[in-house]
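The values are calculated or read from the model by the stated rules, or taken from the named source; none is laboratory data. Since this is a predicted model, take the numbers as computed values, not measurements. Glycine also receives a Cβ, built like all others from the backbone with ideal geometry; neighbour counts cover every protein chain displayed.
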Amino acid sequence: METQLRRREQEFASRRELLSAQLEAAIFSANERDNEALVRNQEAREEVRAAKRAAADYVLNDAQRREFSLKAGWCARYYHLFIALGLGPVDEDVREEASVWTESFGITPGEGETHESIVKRIDAVFVEAAKRPVASYEVETSLVPSPSDLDDDGGEPAPESEPVDSANTSLPTSLNPSWPTNFRHAVSVEIAMRHLVAARIEQRVVVALADTRRANVLARLRRSTTTSSTDDSSALSDDEMNEFHFRRAWLRLMWARAREAGIDLGIADEREDHWLARMKVMTSPEMKDPSHFKRDALAIDKGLKELRSTLVESRLWRQV
């Protein structure tokens, strides 16, 4: 009996030593993993900080500044329309986005100015620029990259496209001289724009404007004491025409940017000329036939699909 008790005590002691060793090994391993995680976390933070510093140091050239300024205007316009048309919940973040991109674009709202009036001011800038002749703006030569800057690694030129060398451009200068200036600005506006595109903001705006038009027509018919032989429910409203003026201007300016960046040369030239001609015709005071506006609206929708399907905007982004 005594021998058995001693044997069991020895077994228990051996097990305690084994468990103690296993516990110490587990604690050591956990500490090692924690230390490795801390190191990786610190390295990741350093990489993020380095990326932010690099983004701040990467200065945009003249063409890029003009492009991202237009994109800021696009974002500002559709955020204000989102609020004005009640396309969804409007919280502080949405209002902040509208304010940020309006300021970035270079428009300072007046006291008590409505979202609709801000949209009209943005539209005026785009439409005026889109009606001007090809390459009618002077390039800021101090911001034009040197030939060596156009190489990927200081060697062979970028294979996809070759920027057009010109002292003039079709894109207007930024209304805000301090924005955009660096890669961080470009990233921020690109994210905002893609968020709005993913939310199908353009389609929702058209639907909301059409619903408003039809509601107004029905209200007029109810108030009217006489029946009219003409049905104006299908004629575009002023707000709808302004929407398509803006989209037409966007097409002209983006194809101009593509041409100047050397993307799809030939096609880009033809598209820029086409939308410039349509801008002049459709914004003319003599253009009053509603049927022309409806046909042009369909052409604009087709043009936007072409712009997106050919990945022009994505390919421009890859050049940044």
Check your understanding: Got a sec? Which of Leu209, Leu251, Leu298, Leu196 is out of contact with any strand residue (DSSP E or B) (no Cβ under 9 Å at 6 or more places or on another chain), assigned to a helix (DSSP H, G or I) and farther than 30 Å from Glu97 by Cβ?
Key -> Leu298
Check your understanding: What residue, among those in region 117-126 that are surrounded by fewer than 19 Cβ atoms within 10 Å (Cβ to Cβ) and touching a residue at least 60 places away in the same chain (Cβ under 8 Å), is nearest to His245 (Cα to Cα)?
Key -> Asp123
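For (1) farther than 19 Å from Val197 by Cα; (2) in contact with a helix residue (DSSP H, G or I) (Cβ under 9 Å, 6 or more places away or on another chain); (3) loosely packed, with under 15 Cβ neighbours inside 10 Å; (4) modelled with pLDDT under 95, each residue gets a yes or a no:
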site	(1), (2), (3), (4)
His245	no, yes, no, no
Arg271	yes, yes, no, no
His274	yes, yes, no, no
His292	yes, yes, yes, yes
Lys305	no, no, yes, no
Revision key, fill the gap. Of the candidates Ala76, Ala54, Ala63, the one satisfying the condition of being at pLDDT below 75, closer than 30 Å to Glu260 by Cβ and of a type outside the set (Lys, Arg) is Ala54
Check your understanding: Would you say Ala258 is at pLDDT 95 or above and within 20 Å of Val197 (Cβ to Cβ)?
Key -> yes
Practice item. Give me the pairs, please: first residue somewhere in region 271-294 and closer than 14 Å to Ala256 by Cα, second residue anywhere and aliphatic (A, V, I, L, M) and in a loop (DSSP other than H, G, I, E, B), beta-carbon distance under 8 Å, and either six or more positions apart or on two chains. Key: Glu272/Val134; Asp273/Val134; Leu276/Val134
Study note, to complete from the structure: Lys302 passes all but one of the listed conditions (1) among the basic types (Lys, Arg); (2) within 23 Å of Val125 (Cβ to Cβ); (3) free of Cβ contacts under 8 Å to residues at least 24 places away in the same chain; the exception is number (2)
Point to revise | Number of the exception - Asn216 against (1) free of Cβ contacts under 8 Å to residues at least 40 places away in the same chain; (2) touching a Pro at 6+ places or on another chain (Cβ under 7 Å) | key: (2)
Review point. Which pairs have Cβ atoms under 9 Å, sit 6 or more apart or on different chains, and link a residue in region 75-95 that is under 14 Å from Ala199 (Cβ atoms) to one that is of a type in the set (Gly, Ala, Ser) and not in a helix (DSSP H, G or I)?
Key: Phe82/Gly88; Phe82/Ala199; Leu87/Ala199; Gly88/Ala199; Val94/Gly88
Review point. Which one is surrounded by the most Cβ atoms within 10 Å (Cβ to Cβ) among residues in region 186-201 that are closer than 26 Å to Thr108 by Cβ and touching a Lys or Arg at 6+ places or on another chain (Cβ under 9 Å)?
Key: Val189
Practice item. Would you mind stating whether Glu111 is in contact (Cβ under 8 Å) with a residue 40 or more places away in the chain, more than 27 Å from Ser284 (Cα to Cα) and among the acidic types (Asp, Glu)? Key: no
